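So the structure is just underneath, and the comments pick up after that.
The values are calculated or read from the model by the stated rules, or taken from the named source; none is laboratory data. Quick caveat: nothing in here was measured; it's all calculated off a predicted structure. Here the Cβ is made from the backbone with ideal geometry for all residues, glycine too, and neighbour counts use every protein chain on show.
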Amino acid sequence: ITQELEQFLGTVVYMSLFGLPGTRMFWNKACRVSQVADTMTLNRWEAIKKALHFNNNEERQEENDPIYKIRPLVTHLNSKLTSIPMSENLAVDEQMVPFKGWSRIKQYLPSKPKKWGYKLLVLAGSDGVPHNFEIYTGRVVQPPELADIGASGNVVLRLAQPIPKHENYKLFFDNWFTSVPLVLTLAQQGIHSIGTVRCNRLPGVSLMSDAELKRTGRGSFQQKMAMVGETTLHVVKWYDNRSVTILSDYTGAHPVTEVQRWDRKKKMLLKVPRPAVVKIYNKNMGGVDLLDSLIALYRTKIRLKKWYRRLLFHFLDLIVVTAWLLYRRNCEGNGMTKKDQMKLYTFKSYIAEGLCRSGKSLVRRKGRPSSTIAGEYEEKRRRGPATPIPVPDVRLDATAHLMIMVEKKGRCKVPGCTGTPKAKCQKCGVHLCFTSSNNCFLRFHTE
């Protein structure tokens with residue numbers, strides 16, 4: 001990857017943080033964003049965006065691959081995600097990538113907040129870290145080494161391939177995926193599973209109707225167990241606001257705990273019995289939803305005509321959020337409190353600054369220089385209350401850190417130094433002492 005492409009990706013990450021409605025506005029004088037506009041010109045940015053390609057159309061052999069244009073990107077990204085250490089509890093769920101342009105693989109899901117777009121099927125841990133995904137394109141031929149148990153179950157088997165076998169991992173999914181053959185197939189691989197299930201996918205199992213459970217009272221449940229081969233299946237039907245049926249191969253209704261629910265008629269909190277399998281499912285099923293919510297906080301909203309570029313920017317958001325989740329996992333492992341950890345916004349800004357400036361020389365713009373007085377006014381308008389310190393990747397990259405002398409003194413940015421020198425780093429934009437007795441310039445760029 002070239003330095004210029006790194007800078008392009010860095011500007012895209014910045015754009016997701018500022019969220020202006022149009023990309024040209026980042027270079028517009030009225031709402032100019034220096035982090036983007038000073039990295040590259042608008043014309044160059046749009047030229048790179050227009051030239052983005054990920055596969056050679058002339059070498060295309062599989063005419064029936066709808067995502068051929070980004071197949072290398074998807075394969076490479078999945079290879080990296082599958083190498084991340086997995087948590088014990090994993091979930092398979094749908095993820096929507098908002099897109100309203102024309103595409104043969106675009107889907108409409110009325111139950112989702114973003115109803116139009118690409119549907120991704122994602123395997124993620126309960127902490128939100130993704131480990132595998134595939135783009136839904138319709139009918140897919142199941143690999144010969146995997147069992148064929150129906151379209152929805154086949155998706156889970158394909159996504160579950162990276163999960164270590166017979167090591168007590170647990171997989172959660174919703175009623176679109178769950179079936180008895182799926183749970184049995186996973187059990188043979190040593191992967192436990194829990195999923196909400198549709199009653200018509202439980203042949204031969206007679207359960208109480210919703211009306212009967214409702215008459216019994218809120219919190220009532222029924223459990224059925226069956227031995228299939230060497231696997232014990234548990235079916236639990238529980239009534240809360242409405243009924244839900246759950247299928248599992250390793251846990252059932254007991255031990256039963258209590259959960260508080262609000263009663264609108266009595267206008268008070270009630271304690272409602274809750275089966276153990278429901279508690280475990282609710283605790284571990286939300287990994288993909290957590291990942292979705294984090295991506296949506298600072299989603300890249302660049303208007304695009306080419307469908308595969310929309311997916312590229314979604315993958316960029318996905319990668320950055322995954323990196324932040326791994327950073328949090330590492331901090332928690334080292335005993336760092338959440339208060340001391342970087343927020344997602346700060347983490348993304350560090351990544352963007354590193355991509356735009358780390359190891360890069362200063363941009364030398366062509367053309368006539370702007371008016372000195374106008375430049376001073378522009379600098380005064382954009383000047384904040386304090387000079388920000390660049391991220392370590394930029395400060396320590398040993399590239400294009402040139403010392404210049406300015407007329408106005410400033411506080412030295414090396415911790416513990418109280419000097420007010422005129423010497424300044426041209427790239428970092430901070431004042432630093434440079435005398436025979438105090439070389440803060442060297443310390444700042446090496447320590």
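Can you say whether P162 is surrounded by fewer than 20 Cβ atoms within 10 Å (Cβ to Cβ) and touching a strand residue (DSSP E or B) at 6+ places or on another chain (Cβ under 7 Å), as far as the supplied structure shows?
Against the criterion (surrounded by fewer than 20 Cβ atoms within 10 Å (Cβ to Cβ) and touching a strand residue (DSSP E or B) at 6+ places or on another chain (Cβ under 7 Å)), P162 qualifies.
Suppose we keep only residues that are without any contact (Cβ under 8 Å) to a residue 24 or more places away in the chain and of a type in the set (A, V, I, L, M, F, W, C) within region 12-31. Which one would you say is surrounded by the most Cβ atoms within 10 Å (Cβ to Cβ)?
F26
Considering only residues that are touching a residue at least 24 places away in the same chain (Cβ under 8 Å) and farther than 15 Å from C433 by Cα, which ones fall in region 390-409?
Correct list: P390, V391, D393, V394, R395, L396, D397, A398, T399, A400.
Exactly one condition in (1) loosely packed, with under 13 Cβ neighbours inside 10 Å; (2) within 30 Å of G138 (Cα to Cα) is false for K115; which is it?
(1)
Sort through G117, G101, G153 and tell me the only one that's at pLDDT below 95, over 22 Å from A323 (Cα atoms) and part of a helix (DSSP H, G or I).
G153
Look through region 291-308, keep the residues that are surrounded by 14 or more Cβ atoms within 10 Å (Cβ to Cβ) and not aliphatic (A, V, I, L, M), and return whichever of them is farthest from the chain's Cα centre (by Cα).
Within region 291-308, the match that is farthest from the chain's Cα centre (by Cα) is K306.
Among the candidates L52, L81, which residue alone is surrounded by 18 or more Cβ atoms within 10 Å (Cβ to Cβ) and either over 26 Å from L326 (Cβ atoms) or touching a Ser or Thr at 6+ places or on another chain (Cβ under 8 Å) (or both)?
Going through L52, L81 in turn, just one is surrounded by 18 or more Cβ atoms within 10 Å (Cβ to Cβ) and either over 26 Å from L326 (Cβ atoms) or touching a Ser or Thr at 6+ places or on another chain (Cβ under 8 Å) (or both): L81.
Answer yes or no as to whether A253 is among the small types (G, A, S) and in a loop (DSSP other than H, G, I, E, B).
Judged against the criteria, A253 is a match.
What are the residues in region 212-248 that are acidic (D, E) and surrounded by 20 or more Cβ atoms within 10 Å (Cβ to Cβ), if any?
none
Condition check: assigned to a strand (DSSP E or B), in contact (Cβ under 8 Å) with a residue 12 or more places away in the chain, touching a Phe, Trp or Tyr at 6+ places or on another chain (Cβ under 8 Å) and not assigned by TED's automatic domain parsing to the domain that holds I319. Does V244 satisfy that?
Against the criterion (assigned to a strand (DSSP E or B), in contact (Cβ under 8 Å) with a residue 12 or more places away in the chain, touching a Phe, Trp or Tyr at 6+ places or on another chain (Cβ under 8 Å) and not assigned by TED's automatic domain parsing to the domain that holds I319), V244 qualifies.
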